[in-house]
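Here is the structure we will look at.
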Amino acid sequence: MRRTFALVDGVVAALTIAGGASAAGAIHFTESVVGETIPCDNGLTLTATSGFISGVLHEGTSSSGNMNVTGTFVPVGVTLTGSGGNTYHAAGATWFGGAFNAQTGGFTFTDTEHIVFVGPGGVVGKVSTTTHVSPNGQEVSVDMSSHRAIRGRFTGALRLAASAMTPWTAARKSEF
């Protein structure tokens with residue numbers, strides 16, 4: 001919950017700074033994950049040996065002051081080596097989006113994270129979460145991840161990859 005509200009807070013702050021009506025194009029970027037390590041709950045440690053995160057971010061403000069933001073992050077060619085010597089691959093995507101209504105002060109925000117780690121014999125771990133905050137402030141979160149440690153490390157790496165691109169994530173990366 002803390003991360004979701006931190007994101008919403010950051011979105012509102014960033015879009016407020018933008019001011020006025022704006023609809024800049026999307027920002028596309030990549031960030032290497034080589035060298036990242038992911039400790040798993042079962043004692044296995046995965047180390048990225050190749051690949052990168054591809055990200056797309058977009059934010060905008062209407063002439064009435066309403067604001068929106070969306071972002072998608074995808075692992076591309078991410079190969080990991082396990083502490084036991086096996087090779088693994090990451091596949092999937094994360095997406096978030098939100099909107100703020102300047103007239104009512106209400107907002108809505110959704111964050112989805114679905115990444116699988118495939119190794120010998122198939123899927124060995126997954127990050128699978130969805131969180132939604134409704135305009136009335138009610139939050140619903142579902143976490144079907146198989147490895148909590150993977151969720152925290154890999155999705156954190158995705159968020160940090162975006163931090164260099166937008167001021168609101170950079171200012172709040174410690175909250176992710």
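The values are calculated or read from the model by the stated rules, or taken from the named source; none is laboratory data. Predicted model, so just to flag it, every value in this text is computed and none were measured. Cβ: placed from backbone, ideal geometry, glycine included. Neighbour counts: every protein chain shown.
Here are the numbers for the structure shown:
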quantity	calculated
Filter result for residue 112 (surrounded by 19 or more Cβ atoms within 10 Å (Cβ to Cβ), hydroxyl-bearing (Ser, Thr, Tyr) and closer than 24 Å to residue 146 by Cβ)	no
Selected residue (only one of 22, 63, 50 is small (Gly, Ala, Ser) and at pLDDT 95 or above)	50
